[in-house]
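Structure record follows, encoded as structure tokens.
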Amino acid sequence: MGTNVVGNGPAFSAYLGSTQSIGSATWTKMQINTEEFDTNSNFASSRFTPTVAGYYQINTGVAFGWASSTRTILAIYKNGSQYKIG
């Protein structure tokens, strides 16, 4: 889910609407394919492209359906490059 922190820009809420397989030892893009809302049609194909300059807040969460000692890393990409990793 993302929103302009000033409150007057485009905003959206979207999520993965079904199960997605994730490969081992590789980066896998989550296919965010179900929209709850998109105030300015700026979200498509798992990508948010704002048309209003400003600061945007992005919130995300991931749940995995297995118990394992596998290391999992979540990354947010900006303009095609890793921006934040957690």
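Bear in mind these aren't lab numbers, they're just calculated from the coordinates by the rules spelled out. The model shown is predicted, which means the values in this text are computed figures rather than measured ones. Quick reminder, even Gly has a Cβ in these numbers, built from the backbone with ideal geometry, and neighbours come from all protein chains shown.
General remarks:
- Nearest-0.05 FRET efficiency for Gln82 and Ser24, computed from C-beta distance (R0 30 Å): 0.95
- Whole-number D in µm² s⁻¹ for the chain, Kirkwood Cα-pair radius fed into Stokes-Einstein, 20 °C, 1.002 mPa s: 149 µm²/s
- Positive-end residue of Thr34, Pro50, Asn8, charge dipole of the chain with Cβ unit charges: Pro50
- Rel. contact order, % - alpha carbon contacts under 8 angstrom, at least six apart, the chain: 28 percent
- In the elastic network of the chain, a GNM with C-alpha springs shorter than 10 Å, the most mobile of Ala25, Ala53, Ala63 is Ala63.
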